[in-house]
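**Student:** Please see the structure below; I have some questions.
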Amino acid sequence: MRDRRLLYANAFLRALATGLIGVLLGLYLAQRGFPASVVGLVVGAGLSGAALSALIVTYLGDRLGRRRTLVVLSLLSAAGGIGLILTDNILAVCAVAFVGMVNGMGRDRGASLVLDHAILPSTASQRERTQAFAWYNVLQDIGHALGAVAAALPVLLRMAFDLPEAQGYAVALGVYALLMLLTAILNLSLSPAVEANGGAPAPALATVTPESRRMVRRISGLFLIDSLAGGFLGTALLSYFFFERFGASAGAIATLFFFARAANAVSHLGAAWLAARIGLVNTMVFTHIPSSLMLVAVALVPEFWMAAALFIVRELLVEMDVPTRQSYVMSVVRPEERTWASGVTALVRMGGWAVAPFAAGFLMQGVALAVPLLIGAGMKIGYDLMLWKSFHDLKPPEEQEK
């Protein structure tokens, strides 16, 4: 339980920092006088660094040591925050973002997450595993939301203390760096039990069994479909849809997404309760399909209040596959294979999220506003059906005991 609490604290603090920098980065760069093209370059450099670190952790994390790697990742992230304060050269800012894995997306999706997912099952019994993942995701949601609110810190400092805007941004970036330093300290406190094989020398990647390789390859192919579909349904694109389709104000859209994130947090806990009764794969599939049908309805209804109500119901269901998916993958591979499995599936999902928005924007502009929503919903339903067909017979250990 001590290691699990440390992982929870780390997840919350890292999400708080990620939510903060996700909102702050573009504003800070604009305040420094960088054009939009440079903002895109810096965000891309940070995400590229995050992807590379996830790749390294996937194949070397266990051999380097999970605890040691988590500490290094936290220190590099903290250095990235400090580096942004100290430099104003374009190339240097891009380099800092890359090395510091500065995440401009506002959601924690990197190498530390890969290792956390590999460690978390060892801190819980088989029956507690899904509940442990559910609380982990709830704390992340809370952290992301509070971090986004904390991005108002430069404005608050200016109003309260008449602090110049540039100094206010420096303070906020300092807070980001401090949060990441705190995660480094917490990671140092993890016990040797978090390591692969409980601290024994980690096996070479070649010892991953052929069965696990085949299973992860199959499920990753399905996750790619789901993440491509998710790329059509990003927050920015959905906000744009509500604005253009219904003329909704920025305040109304912001309020809608606040309630949506609250619904996501509830759905994570609901997923653990439901999975204990009908199974992980059934929970993933039979909550996801209704959520996709709700999204189709969002695209077709004539009034904003109707779309908003349907969207909230959709958000109560759509995230139920997150803790169940994480728990399922970690349960059907051996403990020493969990870092590799977590990393491979995370990398596949990151790739899908990155690619789809380019096509979604063109479809919105060239065909119709609702087309990305309909394509995303259709792809997700197809993914759910294929997932159930492929994996409903492959049950995790706790379900085999029933």
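The values are calculated or read from the model by the stated rules, or taken from the named source; none is laboratory data. All values reported here derive from a predicted model rather than from experimental measurement. Because the Cβ atoms are built from the backbone with ideal geometry, glycine has one as well, and the counts that use them run over all protein chains shown. Please note that ligands, DNA and RNA were not included when accessible areas were found on the heavy atoms of the full protein model with its side chains. Shrake-Rupley method; radii C 1.70, N 1.55, O 1.52, S 1.80 Å.
**Student:** Compute the distance from the alpha-carbon center of the range 369-402 to that of the range 48-121, in whole Å.
**Tutor:** 30
**Student:** In deg cm²/dmol and to the nearest 500, what is the mean residue ellipticity at 222 nm of the chain if only DSSP H runs of at least 4 residues count, each as -39500 (n - 2.57), divided by the residue total? List each step's numbers first, then the result.
**Tutor:** Details: 17 runs with 318 residues, N = 402.
Rounded to the nearest 500, it is -27000 deg cm²/dmol.
**Student:** Counting only heavy atoms of protein chains, what accessible area per residue, in Å², does the chain have with a probe of 1.4 Å?
**Tutor:** Numbers: 17070 Å² over 402 residues.
Per-residue accessible area for the chain comes out at 42 Å².
**Student:** In nm, to one decimal, how far is the modelled label at Phe259 from the one at Leu156, with both set 7 Å along Cα→Cβ?
**Tutor:** Distance between label points: 2.6 nm.
**Student:** I would also like to ask the following. Each residue of the range 383-396 in turn: what ³J(HN,Hα) in whole Hz from Karplus with 6.51, -1.76, 1.60 and θ = phi - 60°, glycine and Pro shown as x?
**Tutor:** So the J values, rounded to whole Hz, are 4, 4, 5, 5, 4, 5, 4, 7, 10, 5, 8, 8, 9, x.
**Student:** Modelling each spin label as a point 7 Å along the Cα-to-Cβ direction, I'd like the Ala368/Leu64 distance in nm, to one decimal.
**Tutor:** Roughly 4.8 nm, to one decimal.
**Student:** Give me the number: length gained by fully extending Arg334 to Ile312, i.e. 0.36 nm times residue separation minus the C-alpha to C-alpha distance, one decimal in nm.
**Tutor:** Numbers: separation 22, 0.36 × 22 = 7.92 nm, distance 3.73 nm.
Gain on extension, Arg334 to Ile312, equals 4.2 nm.
**Student:** What FRET efficiency comes out for the pair Ala359/Met1, r = Cβ-Cβ distance, R0 = 30 Å, nearest 0.05?
**Tutor:** Numbers: r = 45 Å, r/R0 = 1.50.
So, using R0 = 30 Å, E works out to roughly 0.10.
**Student:** Sticking with this one: I need the semi-axes of the equivalent ellipsoid of the chain: take the C-alpha gyration tensor, multiply each eigenvalue by 5, square-root it, list largest first in whole angstrom.
**Tutor:** Working: eigenvalues 200, 168, 69 Å².
Each semi-axis is √(5λ); the values are 32, 29, 19 Å.
**Student:** Simple spin-label model, 7 Å along Cα-to-Cβ: Arg107 to Asn89 in nm?
**Tutor:** Taking the two extended label points, one gets 3.6 nm.
**Student:** Here's something else I'd like to know. Using a Gaussian network model on the chain with a 10 Å cutoff between Cα atoms, which of Ser249, Ser53, Ser74 fluctuates the most?
**Tutor:** Sorting by GNM fluctuation, first place goes to Ser249.
**Student:** Hey, another quick one. Want the number for Val301 to Asn282: 0.36 nm per residue separation, take away the alpha-carbon distance, what's left? Before the final figure, lay out each step's value.
**Tutor:** Numbers: separation 19, 0.36 × 19 = 6.84 nm, distance 2.91 nm.
Additional length available on full extension: 3.9 nm.
**Student:** Follow-up question, since we're still on this one. In square nanometres, what is the average projected area of the Cα convex hull of the range 257-350? Walk me through the numbers before you get to the answer.
**Tutor:** Details: hull surface 27.3 nm².
Taking a quarter of the hull surface, the average projection is 6.8 nm².
**Student:** Ignoring everything but the protein chains, give the 1.4 Å probe accessible area of Met306 in square angstrom, nearest 10.
**Tutor:** About 60 Å², rounded to the nearest 10.
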